[in-house]
Structures are given as structure tokens and as C-alpha cells.
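The values are calculated or read from the model by the stated rules, or taken from the named source; none is laboratory data. Please read these numbers as outputs of a predicted model, since none were measured by experiment. Neighbour counts are summed over all protein chains in view; Cβ atoms, including those assigned to glycine, are modelled from backbone coordinates with ideal geometry.
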Amino acid sequence: MYQKALPHLALIFTFLLSYSCMNNQDSTPAKEGAWEGCVIGMYPENGNETLPTGNQEEIDDFEAKIGKQIGSVVWFPTWDDEFPLEACQKLHERGIIPHLTWEIFWPSEDPNNTRQTGPNGYEGFNEVLSGKHDEYIDRFAEGAKAFKERVLMRFLHEFNGNWYVWSGNKNGKAEGGPEKVVEVWRYVVDRFRKVGADNVKWLWVPHGPSTDLSTEAWNAVANYWPGNDYVDWIGLDGYNFYPQDPWGGKRPLRDFDNCFRKLYDDCAVLGDQPMMIAEFGTGEFQSDEFDKAAWVTEAFQKIKSEYPRIRIFTWFNINKELDWRVNSSPASLQAFQEALADPYFISSPY
């Protein structure tokens, strides 16, 4: 009887061992972006207020509109905030990768992020490099570590523009602006790694062509590259503001390639990291060449066929500078629904 039971016991042991191994593995793919297709991501219009409280109604509404579940969502904590552990846990439970755009300013002191930069650039940068915020950085990193799962950290985003205090433009331009950005980037990443927050994946994101962006040589994206060891994802931001911005400035019509082709090619040679569109959109418009629905259709066709390293896109679903929302018109919403019906565009990669 004992000998007859041995084969059965061996089978049971093998099954239990396999089950244990599967359940002790991280539920995320071992390599960044190691999935087929492109993950659907979005920014909810009121995400900065609703997501930290655990409210996910806007995500539900977006999914209902496009007819698919999403796999990533972004919001914008600042350096007044603690790590949003509860919000990240709730998102992870539904297979959504949290994407934090961690903005280095303090709304309690400067609600509109309009602090002037002086001859030494942004004082927030200088404070970081002097060690003034080490305790806060470490605490935020410990919060991220406690989450345990993958979280995308977009830090110093759109550093090559002229609109943020953390840009090269505001911190010396040709006289060391990009180098200052890189120095702060490495300083913060190093502190996260020192506490063991290896689940944080660093997302390095320049902006594409814009009338508000210097094309001088000092501002080339390569000058902001902190090195392969400091970047897990390469991101791209870009918008079609046509025909004018809300401040009255005339803006050119930019199709998807005009927003991203050169930026994608310039970034692709810097490292072999997976890439994502970290923020993009187009306003509702009509012209002789395009309308929003046609722009959307072309954009997703190109992501699939001509931008193979893009593994996540993030649609900026808000009526802000322009009406970027997917449902800005019935025709635009239909274009989204039809584009995302393609199985290339996936929900959770887990």
C-alpha cells in the first residue's frame, strides 16, 4: 500500500510545489514592457482629487465609453504629498499600473507653480542637492517600497520645455541647464535605491515639438539623458493644439508624426528601454486636412504599425486648455472605440 501511494504522493508534491512557486512570483512581467501590444492608459479629468481618495468612477466611466478596460492611470502628486499607498493598492487590485507624475513643487507655498527662478535657477533644485529634502524623499520612497508592486514614477517631466521650474530652460539654459536637471534626477533616484524601492520604475519624459520649446542645440534631449542605469522607461509627451491655444496664440496643425516621430527617433538611440506615450491628445477641430476623429484613427494606426517600442499610451482625458476628451464629439468617440477595438490595444498586462 505504501509503495502504491508513492506515485500519487509525488504528483501531489509536484503540483503543490508548482502552485507555491506561481503564487510567490511577482504578478508583473519580469522585464519592463515585456508584453505583446500596447496598454491603454488615461488621465481622469479630476484624477488629482479623486484617485488619492480611492474614487474610481471616472475610470469606470472612461472604460464604459471606449468599450475596454484600461491598464494604467496617471495623476500628479506634488512634494506636499505622501506616497499614495491606498490608491495604488486599489488600482493594482483591478490590474491597473499606477503612474505617478511626481511634481517637484509645493502648492501649499505656491498654489499655481509660478515661483520665479533666480540667478541660481530653481531653489527647489538647490534645496534637493543640499540635502534639505532628504527625509521627505526617503519617506516617499519607503511608501513606494511598501506598495511592493510596479509603480511608474514620472519625475521632472517635460524638462526640455520652457514652462516648468524644473526645466533646463529655467536652470541655466546653455549654461548648465540640462546638467542641473540630470544631477537632480540622479540624486533622487539614488535615494530611492538606497532604501530598496526597486519596484519604482523611473519614467524619463521629454516633450515633442512645441512653439514653447527651444530648438537650440543645448536643449537637445540627449543632453538630459541621465544614463541607462537611471531610466526604466522612456516616455514621450505631445499635443496637437490646433488652431490656437486658450491664451490666443496661433498653433500649427500637428498630426501624430509631427508630434512624435522625431522625438521617438531621438530617444530610441539613447537606450533600449521600453517606451510609452506618457501624455497626449488633440483638441476637437476640423480643417481641410483633418478633423479630430481622423487624427485619432491615424494616431492609433501609427502606434501599432510604426512605433513598435511603445508599450503604453496615456490619453489626457480632460477638458482643460482644449477639449482633449475622447467624447468631445460623437465622431471622435466613435473613432476611439473603433481604434481600440483592435486587440493590439490591451487592458491589464498582468
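Among residues of the stretch 265-283 being crowded, with 17+ Cβ neighbours inside 10 Å and touching a Lys or Arg at 6+ places or on another chain (Cβ under 8 Å), the one that is nearest to I234 (Cα to Cα) is M275. Within the stretch 83-136, being surrounded by 15 or more Cβ atoms within 10 Å (Cβ to Cβ) and among the small types (G, A, S) holds for A87, G95, G121, G124.
Against the test of being in contact with a strand residue (DSSP E or B) (Cβ under 7 Å, 6 or more places away or on another chain), more than 20 Å from F159 (Cα to Cα) and modelled with pLDDT of 95 or more, the options L91, L100 yield a single qualifying residue, L91. Every residue in the stretch 213-239 that is exposed (fewer than 15 other Cβ atoms within 10 Å of the Cβ) and not polar (S, T, N, Q), please. Of everything in the stretch 213-239, those that are exposed (fewer than 15 other Cβ atoms within 10 Å of the Cβ) and not polar (S, T, N, Q) turn out to be E216, A217, A222, G227, D229. Taking the stretch 182-205 as the range and being part of a loop (DSSP other than H, G, I, E, B) and touching a strand residue (DSSP E or B) at 6+ places or on another chain (Cβ under 7 Å) as the test, the residues that pass are N199, V205. Go through the stretch 240-256 and give me each residue that's out of contact with any Asp or Glu (no Cβ under 8 Å at 6 or more places or on another chain) and either surrounded by 15 or more Cβ atoms within 10 Å (Cβ to Cβ) or not in a strand (DSSP E or B) (or both). Within the stretch 240-256, Y242, P243, W247, G248, G249, P252, R254 qualify. Exactly one residue out of R154, R186, R150 is under 20 Å from the mean Cα position of the chain (by Cα), of a type outside the set (G, A, S) and surrounded by fewer than 20 Cβ atoms within 10 Å (Cβ to Cβ): that is R186.
Considering the stretch 73-96, the residues that are aromatic (F, W, Y) and assigned to a loop (DSSP other than H, G, I, E, B) include one that is nearest to D110 (Cα to Cα), namely W79.
The set of residues in the stretch 58-87 being under 19 Å from E338 (Cα atoms), touching a residue at least 40 places away in the same chain (Cβ under 8 Å) and of a type outside the set (A, V, I, L, M, F, W, C) consists of K65, G67, K68, Q69, G71. Among all residues of the stretch 288-307, there is at least one that is under 24 Å from Q337 (Cβ atoms), at pLDDT below 95 and assigned to a loop (DSSP other than H, G, I, E, B). Checking each residue in the stretch 269-287 for being under 22 Å from N240 (Cα atoms), modelled with pLDDT of 95 or more and either among the small types (G, A, S) or assigned to a strand (DSSP E or B) (or both) picks out M275, M276, I277, A278, E279, F280, G281, T282, G283. Only one of the numbered conditions (1) over 21 Å from G33 (Cα atoms); (2) touching a helix residue (DSSP H, G or I) at 6+ places or on another chain (Cβ under 6 Å); (3) surrounded by 18 or more Cβ atoms within 10 Å (Cβ to Cβ); (4) of a type in the set (A, V, I, L, M, F, W, C) is not met by L340, and that is (1).
In this structure, does S210 turn out to be closer than 22 Å to G41 by Cβ and part of a loop (DSSP other than H, G, I, E, B)?
yes
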